[in-house]
Structure formats: structure tokens, C-alpha cells
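No value in this document is a laboratory result; all are computed from the given coordinates. Since the model is a prediction, treat every value here as computed from it, not as a measurement. Here the Cβ positions follow ideal geometry from the backbone for every residue, glycine too, while neighbour counts run over all protein chains shown.
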Amino acid sequence: MSPDPRERVNALIAEVNAVSKVLMRERTSYDSQLIPVRQYVVVSCIEAFLRYPEVIEVITAAMSPEEIGAKARRPGCQADSVFLWGVVNFFLIGRNIMGMVDPSIDTVERTDTVLDFWSRASRAYRGGDLLHAADAGNRIDAFDEVILAELAAGVTPVDDERRAVLRRANATLINHLFLLYFDTRVGHGDTGPYRLADGRQVIVRDFFRMGRSDFWWSDVASEVPYSGLTAVLVVDDAVDLSVTDYGTTVSDPEDYLDRLTGFALYTTDGGRLEPVGDDRLVATAAAAKAAQREHYRAIVGMDRDEQIACGAYVYFTFLRPFAQIAGVVDQIDWTCPRDTPADLYPLVTADVETSEHDADADPFALYDAPDAPPGGG
């Protein structure tokens, strides 16, 4: 890595752009009829650009990025590939936005702080010298053989009847988390595919913050019995599996759950892996479904700025799991929005029709130099 901060930052930006362009083009587009998603994403990115460098300084003063990334290599930890991707991309998108408003804020040093943290934590999380899952052919090898053996120890066979039960429960939990995280898909994340000692291939799926949490609206989920669950999905060898930096499993054939041959479920709520039976999974799914209905009614009753604040908090706090590992989560003000300029807020949150855009345009194009004036990107 170049000792020159400008060269180092530009090299890392190029790495981010190359992967994010592909991920964004492959991602299914989504416009919520309930929540102003695009508006809260913009607000969260502005907040990330304005505040992430200072937040990261608090985190790294307590623990190095390498140690944080290494400690994240465990089931139930949300400082994962998805959140690593978000930390760097939200900052850079916010940088693009604010570069059109006040380019004087943008400096090499601020950008270097964020990209240096991301690159060092990401390499440690992946256990080598890789920055993205894409660098490994869309694989996320977050768990070592000891952890995999512990996860595999509870796997039991899946027949047609059990497969149907597991499929329904999986869909219910994902739908619950999608709404709880304000119409975004980061409440669950996959790692793998892994190979067990007997040759079987596995996806490990974590469900995060399913019940009451730092989300102030999560009281609706107070009856959900677990905060986190970790599922072990053993899939037929005939299926071609990969996992993107979004923590999303891509398979050929597409319906990999139809080829599910083994399954185990754990919770890490107590600080270690504890088995969870199918009956408890079904009960958890029922509680999640009830919470989702209540949460939907709560969102309908919110005004637009409340909805934006909730969604912006979800995205801005992508650094929170890293701060938790470092033991400094309570030293940081997570209020969001907080620093978005008052005169800018109504402009970026306006309810406007979106125009057609160039599908080949690069939404992550940035200035050649981190402190260059507006004009590129």
C-alpha cells in the first residue's frame, strides 16, 4: 500500500467502485410505497460523510481495526461483510453529495481515516488480504474450522415436511426484519459457502436484532424471544452457491432451499452458541409475524420525518457493531439525523418523481483526488 495518503485513498476508492458498480447493477431495484427509502438513504449518507471520521477515531483509539475485524469472525456478529460494505460506501456517497454543496469539507485525511479503517478491518474479517467477497469469487469465509465444526455438530437431516416448516419460518423472519430495518435487507446476512469435513456445502445465515434493541421503534418486537439466531443450511452438492458482499446467497438452480438436506439453529444471545429446536423456531416466527403487523401499523401512524429519521438511523449506525466490539458504543452519539444542514434537509428529502437515469452511469464515480473541487463523478 502506498505511503502517500492521496495515492492510497485513490487506490482504495478504485477498489470500492469496481465492486459496488457490479453489486448495484445486480441488486433488484425497490421503491417502497410505505417509507421514503431513497430520502433516508441520502440523509444517512450525508451524516456518514460528516461524522464517520470522528466516530472511527473514537473506535480505533480503543481497538485497532485488525483486532476488531478478527473478533467479528464469529456467529451472531453484525460487524460483517454487509456492514463493512456499508461503512465505506455510505461515506463515499455522502462525499459525492456534499462535494456539490460544500467541497471545503472534503480532505484527504478525513477520507483516509474511513477507508483505512474499512480496508484494515475488512482484511482481518476475511482472514487474509481480501477487501471484498468479490475478490474471493463471491465467498465470505468468516468462520474457521473450529467454529464450523461446532456449527455442524447440531445439523440433523431435513425431509420434505421439515423443509416446508423451515422455508416458512425463514421467509417470516426475513419479512419481519425487512420491515423492522425500515424496508432494507440488512437484518440478516449469509456467509460461506463453506465445505464441511464430510464434503457437504453450507451457508450460515445470521438473523440480527430481531427483538427489542437500540432501534427505538423495536418495542413492537418485545415478544420475539431471541435477538439473534444463526442458521446452518446444508445444501445438496448439485447446487452452485456463492455469497456476495451484501450477504446474499446466489445459487444455480435458484431455489437452493428446495435442495436443503440438513439444518441446525442456534442463538448467541447468551454469548455462546446454544441450540434452538424447530418448535422454538416456529414460535419465534409466529411472534415475528405478530410484531410485523404491529410495526406496520406504527409506521403508518408516523409522519414522514419520523420515518426518515428511523431509516437514516438504521444506515448511519452501520458503525455501531464495530464500536460494540471495541467497547465504546456508549461514548458515541448515534443520533440521526444530527448534522445534516438545516437548509439542505428539505431539498434531499423532498417527495419528487424520480427521472429515468442512465443504466450505464457510475453511481460511485468520485473525484480523481479526494480533495478535488466539484466537477467529476
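Using +1 on the beta carbon of Lys and Arg, -1 on that of Asp and Glu, and nothing else charged, what's the dipole of segment 145-300 about the Cα centre, debye to 20?
500 debye
In whole Hz, what ³J(HN,Hα) sequence does segment 142-157 give by Karplus (6.51, -1.76, 1.60; θ = phi - 60°), x for Gly and Pro?
8, 10, 7, 5, 5, 5, 4, 5, 5, 5, 6, 4, x, 5, 10, x
For a quick check: with amide H placed at 1.01 Å from N, whose amide H comes under 5 Å from residue 262's, ignoring anything fewer than 5 positions away on the same chain?
Long-range HN contacts for residue 262: 158, 234.
So how tilted is helix 37-62 from the main axis of the chain? Cα-based, degrees 0 to 90, rounded to 10.
90 degrees
Please give the length that would be gained between residue 129 and residue 237 if that part of the chain were fully extended, namely 0.36 nm times their separation in residues minus their C-alpha to C-alpha distance (nm, one decimal).
Gain in length upon complete extension: 36.1 nm.
Go through 10, 341, 232 and say which Cα lies farthest out towards the positive end of the charge dipole of the chain; charges sit on Cβ, +1 for Lys and Arg, -1 for Asp and Glu.
Checking the options against the dipole of the chain, the answer is 232.
Please list the radius of gyration and Dmax for segment 237-279, considering alpha-carbon atoms only, with Å as the unit.
When restricted to the Cα atoms of segment 237-279, Rg and Dmax are 13.7, 37 Å.
How big is the Cα convex hull of the chain in projection, averaged over all directions, in nm²?
18.4 nm²
In degrees, nearest 10, range 0 to 90: what is the angle between the Cα axis of helix 81-99 and the longest Cα principal axis of the chain?
Roughly 20 degrees between the two axes.
For the charge dipole of segment 145-300, defined by +1 on Lys and Arg C-beta atoms and -1 on Asp and Glu C-beta atoms about the Cα centroid, which residue among 186, 283, 152 has the Cα displaced farthest towards the positive pole?
Value: 283.
Students often get this wrong: which residues of segment 28-72 have the backbone nitrogen under 17 Å from the point 7 angstrom along Cα-to-C-beta of residue 351?
It comes to 31-41, nothing else.
Does segment 1-148 come out rounded, prolate or oblate, given a ≥ b ≥ c as the square roots of the eigenvalues of its C-alpha gyration tensor, rounded meaning a/c under 1.5 and, failing that, prolate meaning a/b above b/c?
The shape class here is oblate.
Subtract the Cα-Cα distance of residue 261 and residue 342 from 0.36 nm times their separation in residues, and report this length gain in nm to one decimal.
Full-extension gain reported as 23.7 nm.
How large is the Kirkwood hydrodynamic radius of segment 92-156, counting all unique pairs of alpha carbons, in Å?
14.8 Å
Give me the one-decimal nm value for the distance between modelled label points at residue 286 and residue 25, 7 Å along each residue's Cα-to-Cβ direction.
4.8 nm
Work out how much length residue 159 to residue 102 would gain on full extension: take 0.36 nm times their residue separation and subtract the Cα-Cα distance, in nm to one decimal.
Result: 14.6 nm gained on full extension.
First select every other residue whose beta carbon is under 12 angstrom from the beta carbon of residue 255; then total the charges, Lys and Arg +1, Asp and Glu -1.
In short, -1.
Whole angstrom only: what separates the Cα centroid of segment 48-78 from the Cα centroid of segment 190-266?
Centre-to-centre (Cα) distance: 24 Å.
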